[in-house]
Structure formats: C-alpha cells, structure tokens
Amino acid sequence: MTNVKKKLHIRTYGCQMNVYDSERMAEALAQAGYEETDSPDAADMILLNTCHIREKAAEKIYSELGRYKGLKAARPDLRIAVAGCVAQAEGEEIIARQPLVDLVVGPQAYHRLPELVARVEAGEKALDTDFPEEDKFDHLPARSPRRARPAAFLTVQEGCDKFCAFCVVPYTRGAEASRPPARILAEARALVVRGVREITLLGQNVNAYHGAGEGGSWSLARLIRALAEIEGLERIRYTTSHPNDMSDDLIAAHGECAKLMPYLHLPVQSGSDRILKRMNRGHTAESYVRLIERIRAARPDLLLSGDFIVGFPEETEEDFEATLDLIRAVGYGQAYSFKYSPRPGTPAAERDQIPEQVKSERLTRLQALLAEQQAAAQAAMVGREVSVLFERAGREPGQVAGKSDYLHAVHVVAPGLAPGDLRRVRITESLPNSLSGVIV
Ligand code: SAH
Ligand code: SF4
Ligand code: F3S
C-alpha cells in the first residue's frame, strides 16, 4: 500500500440504515487505502449509496450519475460505484443504462468491497448483488475511532418478511435477520469509548429483533435493557417499528427504562381498514389506536411519529378521510407522508392507480393536518424543561444545536458548550422546525 491515500466521495440517500452503511463502507475502504473527501472533484472514487423506496428516489440516482459524465471524461481513472437499494433492485441494468458506472454492490455484500474495488481498479466492471451465506458484519472491519459523534446509529436487524403490498424493502434488503446481542453490545461499548452518548438502534423492522444470545433468543426490549447498563451511554432510541411487533415487554421498557427516550416512530400508513388489508399490513386502524393507548399508558409523555401513504390503489375519499380521522384520534408530534409510488415487482404496482392530481390534493390536506399537530406539539414544549444532547455548533456565534429527549431540534446560545454535552434546557420559543431555549 502506498502512503498517498486515494480519495473517496460518498453520497448517501434514503434511510438511516444507509447512513450507517456508508460509515461502514468508508471503514472497509479505508483498509483499501481510501480516505473520504467532501468534494467529488477531488475523488478517485465516487460512491452513491442509494434508495429505491419511491420512483423519485431511484430517478435521482440516474440524474446524479449523469452529472459525472464531464468529470469522468476529464479523469478517465475516476471510478464510480453504486451501492444500496437501487443497486440491489436493478443490478446490472444500472451499468446498461449508465455505462460510466464501474461497480454495483448490494447491501448484503459490503464486506466484499475491498475485493470488488481491487477488480475495478484493475479496469474491470464489478457486480455483486448476492445475499451471501456469511454475515457481512462478521467480515466488516471494527468501527473506526475517527468517526465519533455524540449520537450514533447501530444496525441490529436488517431486512423484512412483512411484504406490505407497496414496499420494495423485502426485495432490496432481503429476509429479516438479527445480529447477535454480544456483537451489538461490543459495538455499542466501542462507540461509547469514543464519546458516543446516544445510540439509535436500526432495523427495517427493528422491534421484530430476535438475536441469538445468552439464554436463547433476545427481544429488542431485553437488548435495550442490556444496553442501558453501559455506563456513559445516556440515551437509547430505535427505529423503524411495525405495530404488530410492539410486544408487551417493549411497551413496558418505555415505562421502566430511563435511558429509552420518549419518542416512537410507529408507521400506520392508512386509517382505513379496507386499505390496510389491501396493503397487507396485518393490523386494523382500531388495533393501532388501542396499541398507542397502551404505549402511552406506559409512557404518557411519549412523542409519536408515523408514516402515511396517500393514493394507494383503490383509496376512496372515504378511505382517505378515515386516515385523517385516525390522525386526529392519535395526535402525532411529527410524521412523514408520501404519495403512493408504484414500485416494479410489488403487488400494488399491478393494480388500478389513483390519478396523480387526486394524490397531490390528498397529500396537501394530510400534510396540513400533520403540520398543525406538529406545531401544537412544539408549542406545548415552550416553558418545559427537557434534556438536550448537543451535537454541533449552531449557525450564530456562541450557538450550539442538539436534540431533546423528544427528538426536537433545539438550539441555545451558550458559549463554552461543546458537542457531546448533555444539559437541561428550558424551552423558550417554538420555531418552524426547531425549538430554542436556555440552559437551566
Ligand atoms: N420499515 C419501515 C418502512 C420503510 S420505508 C416500516 O415498516 O414502517 C419508509 C416509508 O416509506 C414507509 O413507512 C412508507 O410510508 C413509505 N413507502 C414505502 N413504500 C412506498 C411506496 N411504494 N410509495 C410511497 N411511499 C412508500
Ligand atoms: Fe416495507 Fe416496513 Fe412493510 Fe417491511 S414492514 S414491507 S419494510 S413497509
Ligand atoms: Fe430506501 Fe433501502 Fe432504506 S429502499 S428507505 S435505502 S432500506
């Protein structure tokens, strides 16, 4: 290996798991002599870590790739790699459609990156979208000490067996699999040694976690309780969950485990039982509402977040209004909402589609209601004391920014505070997407 490091530029799209994967890929490629750069112009390799969840997400990748034509013409030894869910879903079609791509690698093959990159450096094209027997986590290098931030992601579960009729994830991430608790605890301890104080456990279906550990299969709740024993780890979160995997012990943990933050992202997608059935969600609107009541009984101040899809095939005005009713009944502090986007290979893509204009109009109405609820939840924070983990300097001099226990972005003017500091803050003002406050 030479002393002159090659430069790697990574762009990350999609969910938090991609953020985590990008870090792990950078660590794997550091062993192949690459160091990261923010500038695509300085890069020897550009790696796009992609998302396939909606059509727009996938199209974004092709337009980004198109932009590299000039760069590659000027520097023929620039290598271009596509990882993530578009890589898994489209495989060699990517190279057919955009020949300047040198490498296509799916999420389950990241541990093979050094090998694949060596082939690409030798002038070959490389493609690996296998779901290998071996576990990539056993073969990826240990977490690198350079990349400590106060709040970190940690993948504990990957893949999904639920097959919601709209969703590509079971195809791009494969079958549900859980990492062993011993590995997760070791990774968490290593993160804490480097200054991490908050860990968000990640999985496409994180609450279906069932890692093989001491005494048999561990639930997510058991894992959380074990993580909470780690001294120096102050906050634990997890995402994303499915309503049907919200077990009694996990609900209890929300009431009992002080380090488990009072925030839960629990997507429902629709409030119409007819549509939920056609989505293959496996729950009803009523069972979801009852579930939320039970979780709030355990943790009354819980801030709830969700995902909604409007314009799913066959959705009538009445179905849509049932979704609005559910939102009113539940009350969300924060939420994500999307127009249904037909994904090739999923069952719902074959059905009669709702006109674009209807989808847009419904999305506008839904988002107006959600924005109202978000503003109300933020306004309710004013005057309250919350804990804030500071993560970075703010825009103005002396300002620091971080997240409250409820995951609100909070900034305060407090010279002398540094990333990693955890302080009590009294909220003084609610702004459009953040809160400001003063140190108590
Ligand atoms: N694992 C998570 C969801 C992952 S995808 C879960 O089970 O909740 C994140 C969100 O994208 C989904 O909750 C859904 O609201 C949205 N989504 C997924 N597929 C979609 C599609 N085809 N069109 C529009 N939105 C979609
Ligand atoms: Fe997709 Fe989530 Fe449904 Fe799995 S549970 S298919 S990841 S929406
Ligand atoms: Fe997108 Fe794949 Fe995540 S499709 S949302 S990057 S699991």
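The values are calculated or read from the model by the stated rules, or taken from the named source; none is laboratory data. All figures in this text were calculated on a predicted structure; none of them were measured in a lab. Methodologically, a virtual Cβ is constructed for each residue, glycine included, from the backbone with ideal geometry; neighbour enumeration extends over all protein chains shown.
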Quiz prompt | Output for region 221-261, where each listed residue is of a type in the set (Ser, Thr, Tyr) and touching a Gly at 6+ places or on another chain (Cβ under 9 Å) | solution = Tyr238, Thr239, Thr240, Ser241
Quiz item: Out of all the residues in region 301-311, is one or more touching a residue at least 40 places away in the same chain (Cβ under 8 Å) and assigned to a helix (DSSP H, G or I)?
Solution: no
Exercise. Read through the list (1) buried (at least 20 other Cβ atoms within 10 Å of the Cβ); (2) assigned to a loop (DSSP other than H, G, I, E, B), then give the number of the only condition that Ile230 fails.
Key: (1)
Quiz item: Just checking, how many residues over region 341-370 are closer than 28 Å to Glu293 by Cα and within 16 Å of ligand 3 (Cβ to nearest atom)?
Solution: 0
Exercise. Just one of (1) within 16 Å of ligand 3 (Cβ to nearest atom); (2) in the same structural domain as Ala43 (by TED's automatic domain parsing) trips up Leu116, so point out which.
Key: (1)
Quiz prompt | Given (1) of a type in the set (D, E, K, R); (2) outside the structural domain of Asp319 (by TED's automatic domain parsing); (3) within 16 Å of ligand 2 (Cβ to nearest atom), number of the condition Glu214 does not satisfy | solution = (3)
Exercise. Determine if region 39-46 includes at least one residue that is assigned to a helix (DSSP H, G or I), more than 16 Å from the chain's Cα centre (by Cα), free of Cβ contacts under 8 Å to residues at least 24 places away in the same chain and loosely packed, with under 12 Cβ neighbours inside 10 Å.
Key: no
Quiz item: If we scan region 117-140, do we find a residue that is crowded, with 21+ Cβ neighbours inside 10 Å and in a helix (DSSP H, G or I)?
Solution: yes
Exercise. Can you tell me which residue among Ala87, Ala152 is assigned by TED's automatic domain parsing to the domain that holds Ala42 and among the hydrophobic types (A, V, I, L, M, F, W, C)?
Key: Ala87
Practice problem: Tally the residues that are crowded, with 19+ Cβ neighbours inside 10 Å and of a type in the set (Val, Ile, Thr), restricting the search to region 9-35. | Solution: 2
Exercise. Could you look through region 168-199, keep only residues that are over 19 Å from Tyr209 (Cβ atoms) and assigned to a loop (DSSP other than H, G, I, E, B), and pick out the one that is nearest to ligand 3 (Cβ to nearest atom)?
Key: Val168
Quiz item: Do we find a residue being surrounded by fewer than 18 Cβ atoms within 10 Å (Cβ to Cβ), within 13 Å of ligand 1 (Cβ to nearest atom) and of a type in the set (Asp, Glu) anywhere in region 155-175?
Solution: yes
